[in-house]
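The values are calculated or read from the model by the stated rules, or taken from the named source; none is laboratory data. Note that the structure is predicted; figures quoted are calculated from it, not measured. Please note: Cβ atoms are built from the backbone with ideal geometry, for glycine as well, and neighbour counts cover all protein chains shown.
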Amino acid sequence: MIEAFPYAQPLHGLVGGVLIGLAAAMMLLGAGRIAGVSGIAARATGLANGDMAMTSAWGFLAGLPLGALAIATTTDWKPADFASWPVLIIAGLLVGFGTRMGSGCTSGHGVCGVSRFSQRSILATATFIAAGIVTVALIAAFGGGS
């Protein structure tokens, strides 16, 4: 097991960001596709049509928890335990609904769209960030969180 250093969090974030950027670049250069997880999930489940094969979409989606499992087994990282399964399922469905309404998610707009200077993605990402700031402020104001 690799020990986590409390002062290495900025380094972990940098490494994670670089890996996400490399994965997005590889997907765009290798497959000619934006690495938008909500779009790929919609393709895998048949909610949307596209040029990506359904098997490729399922392979991409399977890699997400497998990557987390690889990190969990090689480091001392543990997933956060902050909500019950019903709350997580409802939250996931709401996020899924929102990403369909917004024509994409943070990975598609924030990572891929902003790097391509897409005005729609820049606006969507600014909206995501503003909503996050408002949510944190409201939770803090009403005594939630830890």
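Observations on the model:
- Positions within the stretch 77-97 being exposed (fewer than 10 other Cβ atoms within 10 Å of the Cβ) and part of a loop (DSSP other than H, G, I, E, B), in sequence order: K78, P79, A80, D81, F82, S84
- Criterion (polar (S, T, N, Q), under 26 Å from L22 (Cα atoms) and assigned to a helix (DSSP H, G or I)) met by exactly one of T135, T127: T127
- Looking only at residues of the stretch 124-143 that are hydrophobic (A, V, I, L, M, F, W, C) and closer than 17 Å to M101 by Cβ, we find that the one that is surrounded by the most Cβ atoms within 10 Å (Cβ to Cβ) is A124.
- Residue in the stretch 111-138 that is modelled with the lowest pLDDT, counting only those that are closer than 21 Å to A35 by Cβ and among the hydroxyl-bearing types (S, T, Y): S115
- Scope the stretch 106-123; condition in a helix (DSSP H, G or I) and either exposed (fewer than 13 other Cβ atoms within 10 Å of the Cβ) or over 12 Å from the mean Cα position of the chain (by Cα) (or both); matching residues: G113, V114, S115, Q119, R120, S121, I122, L123
- Residues of the stretch 13-49 classified as in a loop (DSSP other than H, G, I, E, B) and at negative phi, total: 8
- Check on R100, exposed (fewer than 13 other Cβ atoms within 10 Å of the Cβ), among the charged types (D, E, K, R) and not in a loop (DSSP other than H, G, I, E, B): no
Table: residues versus (1) touching a Phe, Trp or Tyr at 6+ places or on another chain (Cβ under 9 Å); (2) more than 18 Å from T99 (Cβ to Cβ); (3) at pLDDT below 85.
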{"site": "A23", "(1), (2), (3)": "no, yes, no"}
{"site": "M26", "(1), (2), (3)": "no, yes, no"}
{"site": "G32", "(1), (2), (3)": "no, yes, yes"}
{"site": "I40", "(1), (2), (3)": "yes, no, no"}
{"site": "D51", "(1), (2), (3)": "no, yes, yes"}
{"site": "M54", "(1), (2), (3)": "no, yes, no"}
{"site": "A57", "(1), (2), (3)": "no, no, no"}
{"site": "L66", "(1), (2), (3)": "no, yes, no"}
{"site": "T73", "(1), (2), (3)": "no, yes, no"}
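- Residues considered: T99, T75. Of these, the only one that is over 26 Å from M27 (Cα atoms) and touching a residue at least 24 places away in the same chain (Cβ under 8 Å) is T75.
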